[in-house]
Amino acid sequence: MRFIKVILIWLALAIVPVAGWCGESASGEASEHGLPSKAVIVFNLGPLAITNSMVVTMLVTLGIVVFAQLATRKVQSVPSGLQNFAEWMVESLYGFLGEILGDKLVKKTFWFFATIFLFILFTNWFGLIPGIGTVGWNALMSDGSHEFHPWLRGGNADLNMTSALAILFFFMWVVWAVQANGPVGFFKHIFAPGSDSTGVMKWFMVAIFLFVGVLETLSILFRPVSLSFRLFGNIFAGENVLEAMMNIVPWLGWLIPLPFYFLEILVGLVQALVFMLLTAVFTQLICSHDEGHSHGEGHAHDH
Amino acid sequence: MTPMFAEVTGSLHVGLAALGSAIGVSLIGMKAAEATGRNPGAAGQIRNIAIILAALAEGITFFAIYLTK
């Protein structure tokens, strides 16, 4: 009996988009269009152009701020409700990052990693809400044609956003690295040989480690690029996959994207996790001193 | 049959890069599952390493995509 009810509800839900599709095909061509790679400008705030992905970014930020305010309005020693949820999130993130960064470093850098994780996660998931990217207006282009512009667009489906995150991390990384090692120690960490050999062997090692240091510098400089491209590529590709699946069989447009929505929920979580994990590991690698380093390595070999 | 291959256009290198990173990610997944089976106590650490390495392996695809004309 319940099964039949479920089927009936599904059928009822199916009628809505089918009806929509009939209306659309009656009005004209059902044109297939992917997500444009550039965010469109919604309105201008003086000289500052506000794009639709910036609007989503601000909405998500506002949501997180409002949630944090509501959760910590009446802090109780025995938490319940929103405060409990917020504490669970922050505590599990702190424990997770503490395993990677170590006790001292996590205390210093937790604010950054927790913030980017929560921000990226909620931006990714916010972009999956139906209506974002599909509700918009038909803008008049300069050549007289009409083009569909959505009001909202997933925040991380814009390379500007992900580059901003990656560049901010790179800046913080340099600051933390110099604070932990000192300006000389920072370059020593990259270029100086680790072994204590003597004589001719020593100079040989110095030359090799100088070369290794150049390679290391290149890979460090490439980190922000790969971080931003990875996040942008995943989210942008996800949005395009959803749109393609919606258009692949027009009258099944309500069913085929469903599994991909679940995939995108997973991808949104994994990409937020990857961004946080990679940045945390990069920070740990440069900030760990000799004792922390040997301890970490010994730990890795023991198991 | 002969002119068909000559007519292959578009981003062949993206496909090749995707193939490579797919193989890479699957090897990482295989070994991570194996390692978890061998030492369930280290599941958390293995998961972290696997996620990081999988991200690095799949990153190649995005470089290939952005190098497309």
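Laboratory data are not the source of any read-out in this text; all were calculated from the coordinates shown. Model, not experiment: these values are computed from the prediction. A quick note on method: Cβ atoms are made from the backbone with ideal geometry, for glycine too, and the neighbour counts reach across all protein chains shown.
Here are a few things to note about the model shown:
- With each label modelled as a point 7 angstrom along the Cα→C-beta vector, the A:Gln76-A:Phe204 pair spans 7.1 nm.
- Tensor-based shape of segment A:249-289 (alpha-carbon gyration tensor, a/c under 1.5 rounded, otherwise prolate or oblate): prolate
- The mean number of partner chain beta-carbon atoms within 10 angstrom of a residue's beta-carbon across peptide B:53-63 is 5.
- Considering segment A:164-236, its Cα convex hull presents a mean projected area of 5.8 nm².
- Across peptide A:262-273, the average count of Cβ atoms from other chains found within 10 Å of a residue's Cβ is 1.
- Inter-chain Cβ neighbour count for A:221-229, averaged per residue, equals 2 (cutoff 10 Å, partner chain atoms only).
- Anisotropy class of segment B:12-66 from Cα gyration tensor, a/c 1.5 cut: oblate
- Once divided by 2.2 N^0.38 Å, the Cα radius of gyration of segment A:42-298 becomes 1.27.
- Rounded to whole Å, sorted largest first: equivalent-ellipsoid semi-axes of segment A:88-189, Cα gyration tensor: 40, 20, 6
- Gained length - B:Ala42 relative to B:Leu19, 0.36 nm times residue gap less alpha-carbon distance: 5.3 nm
- Placing a label point 7 Å from the Cα of A:Ile167 along the Cα-to-Cβ line, the residues of segment A:44-69 whose backbone N sits under 17 Å from it are A:48-51, A:54.
- Nearest 10 degrees, 0 to 90: helix B:43-66 Cα axis against chain B principal axis: 10
- Along the axis of the charge dipole computed for segment A:42-298 (Cβ charges of +1 for Lys and Arg, -1 for Asp and Glu, origin at the Cα centre), the listed residues A:Ala86, A:Val75, A:Phe96 are led at the positive end by A:Val75.
- Built amide H within the under 5 Å cut-off of A:Thr51, gap 5+: A:Val42
- Segment A:100-177 and segment A:210-279: distance between their alpha carbon centers, rounded to Å: 12
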